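Encoded as structure tokens, the structure appears first; notes follow it.
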Amino acid sequence: MNLPNKITISRILMIPFFILVMVADFGWGTVSVFGTEMPVEHLAGALLFIFASTTDWIDGYVARKYNLVTNLGKFLDPLADKLLVSAALIILVELGFAASWIVIAIISREFAVTGLRLILAGTGEVVAANMLGKIKTWAQIVAIAVLLLHNAPFESWGIPFGDIMLWIALFFTIWSGWDYFKLNKDVFKNSK
């Protein structure tokens, strides 16, 4: 197994620890982050999410730079991203920081595009992430990170930046999903 795939697997292995830290009350107390009080567990979970999210960029960079792109990596990388983002979004709903309908819309789009990619893979086509998909991913990561940090430092300024970013993420999630289906609509014409 090559280095990029090991990095991707490490991202998947971080997800249970992220979930545990975010939902368990270890009694670590609270901490002020840029004037915003939050449980230490939430700060630790947010930092773990941010670190795990950066491994997505690192594994892709290493795979492309050293020509280590593999079919296993093409399978694991988007799976790891979807598992991490879905876990974080569901936790945000549990904490009351995100509306469930927004999270359902985002996760539904991920399932739909994954299904489309599977159909296309059956025909020998590989759908690479386009610019809309990359913007969607980064908007989701920024929104989730800020919301996990209880909107710090923006909370002390009265700016609902995390909520704004979540709406932006929702917009690009829907737009990029629609774009994937529009660009690949021909795959459904010959379906029986």
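Taken together, the values in this text are just the output of simple stated rules run on the coordinates, not laboratory data. Every value quoted in this text rests on a predicted model; they were computed, and no experiment measured them. Positions of Cβ are backbone-derived with ideal geometry, glycine not excepted, and every protein chain shown enters the neighbour counts.
Annotations for the structure displayed:
- Entry remark, the range 18-33: residues being in contact (Cβ under 8 Å) with a residue 40 or more places away in the chain and β-branched (Val, Ile, Thr) number 3 in total.
- Only listed residue being in a loop (DSSP other than H, G, I, E, B) and either closer than 25 Å to Phe161 by Cβ or touching a strand residue (DSSP E or B) at 6+ places or on another chain (Cβ under 9 Å) (or both), chosen from Ala87, Ala98, Ala105: Ala98
- Applying the criterion of being surrounded by 17 or more Cβ atoms within 10 Å (Cβ to Cβ) and of a type in the set (Ser, Thr, Tyr) to the residues of the range 142-180, the residue that is nearest to Glu37 (Cα to Cα) is Thr173.
- Residue in the range 146-188 that is nearest to the chain's Cα centre (by Cα), counting only those that are outside any helix (DSSP H, G or I) and within 16 Å of Leu92 (Cα to Cα): Leu149
- Among the residues making up the range 29-45, those that are assigned to a helix (DSSP H, G or I) and either closer than 13 Å to Met14 by Cβ or in contact with an Asp or Glu (Cβ under 8 Å, 6 or more places away or on another chain) (or both) are Glu41, Ala44, Gly45.
- Residue within the range 56-71 that is loosely packed, with under 13 Cβ neighbours inside 10 Å, of a type in the set (S, T, N, Q) and in a helix (DSSP H, G or I) present: yes
- For the residues Thr54, Thr70, Thr36, the requirement of being farther than 25 Å from Leu120 by Cα, touching a residue at least 24 places away in the same chain (Cβ under 8 Å) and among the polar types (S, T, N, Q) singles out Thr36.
- Scan the range 45-55 for residues that are surrounded by fewer than 18 Cβ atoms within 10 Å (Cβ to Cβ) and either among the hydrophobic types (A, V, I, L, M, F, W, C) or in contact with a Ser or Thr (Cβ under 8 Å, 6 or more places away or on another chain) (or both) and the total you get is 3.
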